[in-house]
Amino acid sequence: MSDRERDRDTGSASDGDGPWWAGLGPVGGAVLAVCGAGLLLWLVLRGADADDDWSRYYGAGKILAIGCVVAGTTLLARRRG
């Protein structure tokens, strides 16, 4: 096996099938969590009507949850490694 063939195998193949938040890291996760929490607070303190669309709360909660998961799993992986 030549050196040229060996170098081809060392790189990891990027398939692009991962979610959009896969490469954010702990800082990106923290930013998402803060943005989601701020958006939720703004929606709650704004004084929404009774017939308000709940999808806004769902979207803000989803941003907060993704941020917490990304930041937490990245920090735990670094601590174990």
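The values are calculated or read from the model by the stated rules, or taken from the named source; none is laboratory data. Here the structure is a predicted model, which is why all the values come from computation and not from measurement. Heavy atoms of the whole protein, side chains included, go into the accessibility calculation; ligands, DNA and RNA do not. Shrake-Rupley method; radii C 1.70, N 1.55, O 1.52, S 1.80 Å.
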Given the conditions (1) open to solvent by 50 Å² or more (accessible area, probe 1.4 Å); (2) modelled with pLDDT under 85, every one holds for LEU39 apart from (2)
Taking the range 64-81 and keeping only residues that are open to solvent by 60 Å² or more (accessible area, probe 1.4 Å) and either part of a helix (DSSP H, G or I) or modelled with pLDDT of 85 or more (or both), one is left with CYS68, VAL69, THR73, LEU75, LEU76, ALA77, ARG78, ARG79, ARG80
Taking the range 7-36 and the residues there that are small (Gly, Ala, Ser) and not in a helix (DSSP H, G or I), the one that is modelled with the lowest pLDDT would be GLY11
